[in-house]
Amino acid sequence: MGKKFNDTFLKACRKEEVPYVPVWYMRQAGRYQPEYRAIRERYSFFEINENPEVCAEVTRLPVEQLGVDAAILFADIMTPLKPIGVDVEIVEGIGPVIANPVSTIHDIQKLKDLAPEKDVPYILDTIKLLREQLDVPLIGFSGAPFTLASYLIEGGPSKGYYKTKGFMYSKPEEWQALMDRLAEVTVTYLQAQIRSGAQAVQVFDSWVGALSAEDYRRYIAPTMARIFKALKETETTVPSIYFGSGSSHLLEEWNKLPVDVLSIDWRISIEQVRALGVDKALQGNLDPSLLLAPFELLKERAKEVIDQGASRPGYIFNLGHGVFPFANGETLKKLTDYVHDYTSKM
Ligand code: 1CP
């Protein structure tokens, strides 16, 4: 507010020159912050979501506390599914729990179209409010069809995704109908976010690494290509980011998608990613567990990541996955300062 707008993150997404490496963290707003926990005592997760003033406040908290170069809309990948007929609650200590899991074509056909202006007006209002308040770019986001389907089919968090994959293998037509429906929701939802002012969009496919590269090619890649193409056609200037955990074996497939930035986890180094021929902008990829390491070690490892990432234009510092609930906010602040200081001198 009043400050000069910081577009370093957007420049890095576009592979432009930057004065220093921009930083933000997946799950930068949430349980590790005492202020968030205090707000959560008064409101349920979806009550925060549905109240633009509170939702904008929660979104801004990490920007103000950590000095990160981007804000991410405070919502959940389940947010757009509630209004289309999914009976979902966010349960403390577990995550999304679904009372009516999907198992038949009838269940899929019952999922309604998303009409963002009518179904999630509070999200669009939060975005508009944040654009007045923020002096860093606002990232909108959505879950990706495979990851959303995993919750819909399993009924909640899963380890093996057996039912999800079993469904995919044994009911290919129903599976495709589900992918199509969720792709439509994703595109409609993200288009509405972009129209309301989201300056970049990230698609979270957190659990798609459960698939082999061959299954990804067969069952998922065409859907993801369609999503990113539709987003490009909506607004060519809004960068798109694709994230998955445990997905190193899928990077060559991802590199073929019409997406701008790949967000990678820590199981592969940035040098290795580039050696695969991946030529997109990259985001990542410090192991979040290092937030629990002595700060000297954390710094050393962050430096290694940065030295690899920043050797080419198009690099954004982030963790390889989200901040966990018992992370220390002060460590995140020191890490952010370190990345800024170190890379300003490069
Ligand atoms: O700053 C931010 O990033 C916060 C906004 C945000 C985002 C981007 C939240 C709030 N959720 C998400 C995305 C999300 N939700 C993903 C993709 C990112 C990732 O892989 O981490 C996933 C898989 C979910 C599903 C989900 N929702 C989980 C994980 C469960 C599992 O399968 O292991 C959990 C714990 C939630 C609830 C949730 N969402 C967000 C918060 C802060 C919380 C904690 C709930 C609470 O306050 O009680």
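The values are calculated or read from the model by the stated rules, or taken from the named source; none is laboratory data. This one's a predicted model, so the numbers in the text were calculated from it and none came from an experiment. Every residue, glycine as well, gets a Cβ built from its backbone with ideal geometry; the counts of neighbours run over all protein chains shown.
Report yes if I105 is away from the ligand (no atom under 11 Å from the Cβ) and of a type outside the set (D, E, K, R), otherwise no. It is true that I105 is away from the ligand (no atom under 11 Å from the Cβ) and of a type outside the set (D, E, K, R).
Could you say whether any residue in segment 226-235 is modelled with pLDDT under 95, in a loop (DSSP other than H, G, I, E, B) and away from the ligand (no atom under 16 Å from the Cβ)? Checking segment 226-235: at least one residue is modelled with pLDDT under 95, in a loop (DSSP other than H, G, I, E, B) and away from the ligand (no atom under 16 Å from the Cβ). For segment 72-100, the set of residues classified as within 11 Å of the ligand (Cβ to nearest atom), in a loop (DSSP other than H, G, I, E, B) and either at positive phi or without any contact (Cβ under 8 Å) to a residue 40 or more places away in the chain (or both) consists of D76, E92, G93, listed by residue number.
Of the helices (runs of 4 or more DSSP H) that lie entirely inside segment 1-65, those containing 2 or more residues that are surrounded by 19 or more Cβ atoms within 10 Å (Cβ to Cβ) and aliphatic (A, V, I, L, M) span 8-13. Restricting R42, R31, R60 to those that are more than 30 Å from K165 (Cα to Cα) and free of Cβ contacts under 8 Å to residues at least 12 places away in the same chain reduces the list to R42. Note on segment 313-336: among residues that are surrounded by fewer than 15 Cβ atoms within 10 Å (Cβ to Cβ) and within 14 Å of the ligand (Cβ to nearest atom), the one that is farthest from I264 (Cα to Cα) is F326.
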